[in-house]
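Peer 1: Below is the structure I would like to discuss, written out as structure tokens.
Since every read-out is calculated from the coordinates, none of them should be taken as a lab result. These figures come from a predicted structure and were not determined experimentally. Please note: Cβ atoms are built from the backbone with ideal geometry, for glycine as well, and neighbour counts cover all protein chains shown.
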Amino acid sequence: MMRLLRDRQALLLTRRRRPGAARGRRYLLAGATVILLGFGLWPYLVLWRVDGAALQADPAALAPFVDLKAVRRAITLKLNKDATSTIGPLSDPFIHWLQSAITADGSGTIQRLVTLRWVRDQLLKHRNAGDGGFLRGLSYAFFDAPDEFRVRIGPPSGNPTEVRMRLRHFRWRITAVYY
């Protein structure tokens, strides 16, 4: 029995780890957790900043947060039935808006109609007067992929405004708006 006890103690002594190794792993794990939480909260912080910019009188306040070329390209790609688009199903009012604009003006319509003011109007469309920005009307906001974030403003059953954000060059920017 004594021999078994000595063998067990010898085994435990040889398995001892360096005293700082466990602490180093804990710091590494804590650092990775902080980074992961920061990355997960980042697009929500950007949404909060976009909400503040949308409430400004000048639509140019949205410029740092909106990739207008990408928004126009997404709508143009959706019109091309052979191309794939990040935009989901469109509502009837959106289709009618596009159809009437294209019929009236022809080519270049999207370039002319899709402006920062239009993006601002779409973001604020579902808010009540005096309610503040669009954040209170969010019905969905989550990642589609590590570099894609999808937002739904307004009730799902009432033609909500859909917003897609992408992470490019370490910045979250709006790349698609539709309803």
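Peer 1: Find all pairs meeting these conditions: Cβ atoms under 8 angstrom apart; at least six residues apart or on different chains; first residue within segment 56-71 and closer than 13 Å to ARG117 by Cβ and touching a residue at least 24 places away in the same chain (Cβ under 8 Å); second residue among the hydroxyl-bearing types (Ser, Thr, Tyr) and surrounded by fewer than 17 Cβ atoms within 10 Å (Cβ to Cβ).
Peer 2: Between residues of segment 56-71 that are closer than 13 Å to ARG117 by Cβ and touching a residue at least 24 places away in the same chain (Cβ under 8 Å) and residues that are among the hydroxyl-bearing types (Ser, Thr, Tyr) and surrounded by fewer than 17 Cβ atoms within 10 Å (Cβ to Cβ), the close pairs are PRO59/THR115; LEU68/THR115.
Peer 1: Looking at the structure I just gave you, is ASP121 of a type in the set (D, E, K, R) and touching a Lys or Arg at 6+ places or on another chain (Cβ under 6 Å)?
Peer 2: no
Peer 1: For segment 120-137, which residues satisfy the criterion of being in contact with a strand residue (DSSP E or B) (Cβ under 7 Å, 6 or more places away or on another chain) and surrounded by fewer than 19 Cβ atoms within 10 Å (Cβ to Cβ)?
Peer 2: LYS125
Peer 1: Of all residues being aliphatic (A, V, I, L, M) and farther than 16 Å from LEU116 by Cα in segment 138-179, which is surrounded by the most Cβ atoms within 10 Å (Cβ to Cβ)? Just the residue, please.
Peer 2: If we filter segment 138-179 for residues that are aliphatic (A, V, I, L, M), which is where we start, we get 138, 141, 145, 151, 153, 163, 165, 167, 174, 176-177.
Checking which are farther than 16 Å from LEU116 by Cα leaves us with 138, 141, 145, 151, 153, 167.
Working: LEU138: 17, ALA141: 16, ALA145: 9, VAL151: 23, ILE153: 26, LEU167: 18.
If we take residues in segment 138-179 being aliphatic (A, V, I, L, M) and farther than 16 Å from LEU116 by Cα, then ILE153 is surrounded by the most Cβ atoms within 10 Å (Cβ to Cβ).
Peer 1: Restricting the first residue to segment 111-125 and requiring it to be in a helix (DSSP H, G or I), which pairs with a second residue that is surrounded by 18 or more Cβ atoms within 10 Å (Cβ to Cβ) and among the polar types (S, T, N, Q) meet a Cβ separation below 7 Å and a spacing of at least six or different chains?
Peer 2: GLN122/THR161; LEU123/THR161
Peer 1: Condition (residue is β-branched (Val, Ile, Thr) and either free of Cβ contacts under 8 Å to residues at least 60 places away in the same chain or not in a strand (DSSP E or B) (or both)) applied to segment 143-152: is it met by at least one residue?
Peer 2: Among the residues of segment 143-152, not one is β-branched (Val, Ile, Thr) and either free of Cβ contacts under 8 Å to residues at least 60 places away in the same chain or not in a strand (DSSP E or B) (or both), which makes the answer no.
Peer 1: How many residues, within segment 138-156, are within 12 Å of LEU47 (Cβ to Cβ) and in contact with a Gly (Cβ under 6 Å, 6 or more places away or on another chain)?
Peer 2: 1
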